[in-house]
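The values are calculated or read from the model by the stated rules, or taken from the named source; none is laboratory data. Source: prediction; values computed, not measured. Cβ placement follows ideal geometry from the backbone for every residue including glycine, while neighbour counts extend to all protein chains displayed. Side chains included, ligands, DNA and RNA excluded: accessible areas come from the protein's heavy atoms. Shrake-Rupley method; radii C 1.70, N 1.55, O 1.52, S 1.80 Å.
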Amino acid sequence: MTALADGLLSHALSASSRRDIRTIDGGRPHLLYQSVIALARGQRIEEHDHPGEATVQVLRGRVRVTAGEDTTDVSTGQLVIVSGVRHSVTALEDAVVLLSVARRTTPTPADRMNLDLPDSYHRQRQRGHRRWPVNAPVP
């Protein structure tokens, strides 16, 4: 995670958008997804919401999270819950955050769950679904 955070921040600082993002687990079809987001100082993720639960954990730097009418400055190592309310994130200094989102809050019925994890992993690999390796260098 450290190498990924460093690489994304380095890329963000040289990119015209002054930001970079990498989904490290999950994605649109999954219940839970996690993304690492690098923002150069002053960059902002505009106000938005998520259909489920969400947290923002600061891996590097410092950000300001505005959720509804509450504003919180969050530093390296701290985590803030931003569920159920529109929110925005502003980088107070060069920063990297881990965004975790659970899209649905309704449980999956037990008869629809595959508890055989090796079998499930093998089927996903056969379909071409691959996760971004957390410790891989940024291209």
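Brief remarks follow.
- Qualifying residue in region 20-29 (condition: charged (D, E, K, R) and in contact with a helix residue (DSSP H, G or I) (Cβ under 9 Å, 6 or more places away or on another chain)): yes
- No other residue among Gly77, Gly68, Gly84, Gly52 is in contact (Cβ under 8 Å) with a residue 40 or more places away in the chain, small (Gly, Ala, Ser) and surrounded by fewer than 16 Cβ atoms within 10 Å (Cβ to Cβ) apart from Gly52.
- Region 46-67: number of residues that are farther than 13 Å from Leu98 by Cα, assigned to a strand (DSSP E or B) and under 13 Å from the mean Cα position of the chain (by Cα): 1
- Residue among Gly61, Gly42 that is touching a strand residue (DSSP E or B) at 6+ places or on another chain (Cβ under 8 Å), at positive phi and open to solvent by 50 Å² or more (accessible area, probe 1.4 Å): Gly42
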